[in-house]
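The values are calculated or read from the model by the stated rules, or taken from the named source; none is laboratory data. All values reported here derive from a predicted model rather than from experimental measurement. Quick reminder, even Gly has a Cβ in these numbers, built from the backbone with ideal geometry, and neighbours come from all protein chains shown. Keep in mind that these areas ignore ligands, DNA and RNA; they rest on the heavy atoms of the full protein, side chains included. Shrake-Rupley method; radii C 1.70, N 1.55, O 1.52, S 1.80 Å.
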Amino acid sequence: MILYPAIDLKEGRCVRLRQGDMAQATVFNDDPAAQALSFEAQGFSHLHVVDLDGAFAGKPMNAAAVEAILAAVRMPVQLGGGIRDMATLEAWLDKGLARAIIGTAAVRDPDFVREAARKHPGRVAVGIDARAGLVAVEGWAEASTLTALELGRRFEDAGVAAIIYTDIGRDGMLKGLDFDGTRALGQALSIPVIASGGLAALSDIETLLLPENRTIAGAITGRALYDGRLDAAAALSLLRKAA
């Protein structure tokens with residue numbers, strides 16, 4: 001079980017949104033690289049980064065901030081937002097990114113995901129972001145007609161390293177993770193599933209570690225960590241004891 005601290009980038013700064021609404025952005029740090037270093041110093045082993053502007057624009061928009069993060073930390077970094085073609089994906093991998101997360105393009109161009117996963121084994125993940133049961137795309141601004149499970153099943157034989165499943169309605173709301181939805185996805189798929197959206201407190205970490213949630217491979221935490229609602233040392237201690 002890996003706990004990923006999240007850095008969401010908007011106009012070069014670390015922010016957190018509520019339910020994916022760009023108009024409801026709270027700035028937590030003007031220096032993303034410093035924030036990444038802080039997470040590494042706290043003992044986190046992996047980092048989750050999202051280029052929010054890139055997700056809407058369909059191309060990287062916070063490249064300088066991401067590059068500064070990659071130069072600052074030694075821990076593996078996974079990045080989503082604006083990765084919609086092979087050239088963009090490979091450019092990031094060449095710059096030291098550990099894993100690229102494909103979201104909108106997984107719906108629009110599934111063959112791209114399969115080709116990327118084949119060419120770069122272990123370094124391609126699919127981001128599945130759902131609102132009211134349906135996958136959202138274009139920075140969560142548009143709804144598709146696919147369910148999370150339907151999208152996940154598209155890539156069962158593709159060699160995708162992980163699926164990051166986000167319940168948009170919970171994201172940034174500190175209501176707790178969608179354990180039922182994430183667990184069901186993990187049980188139905190052979191691909192490791194990472195939970196995202198709403199992690200609120202240490203009790204969520206305890207729930208993640210229950211035997212019935214063994215199909216959940218990790219979780220992403222954002223606002224709770226920035227707000228101080230989740231104590232990093234306590235959360236990481238729980239995970240070490242359970243390992």
Amide N proximity, the stretch 169-205 versus SER45 label position 7 Å along Cα-to-Cβ, cut-off under 14 Å: none
Added length on full extension, which subtracts the Cα-Cα distance from 0.36 nm per residue, ALA243 to ASP94: 50.5 nm
Rh by Kirkwood over Cα pairs, then Stokes-Einstein D for the stretch 158-225 at 1.306 mPa s and 10 °C, µm²/s: 134
Relative contact order computed over the stretch 129-243 (Cα-Cα under 8 Å; 6+ residues apart), in percent: 21
The stretch 17-102: relative contact order in percent, alpha carbon pairs under 8 Å with at least 6 residues between: 28
Extension gain from SER190 to ASP30, taking 0.36 nm per residue of separation minus the Cα-Cα distance: 53.7 nm
Carbon and sulfur %, accessible surface of the chain computed with the full protein complex present, 1.4 Å: 49
Cα→Cβ-extended label distance, 7 Å offset, between ILE2 and ALA57, nm: 2.7
Beta bridges by DSSP in the stretch 82-232, antiparallel share as percent, to the nearest 5: 25
The chain, relative contact order [Cα under 8 Å, separation at least 6], %: 18
Per residue value of the accessible surface for the chain (all protein chains in place, 1.4 Å probe), Å²: 41
Virtual paramagnetic centre 7 Å along Cα→Cβ of ALA87, amide N under 20 Å, in the stretch 97-115: 97, 100-106, 108-115
Computed over the chain, Cα set: Rg, Dmax in Å: 16.1, 42
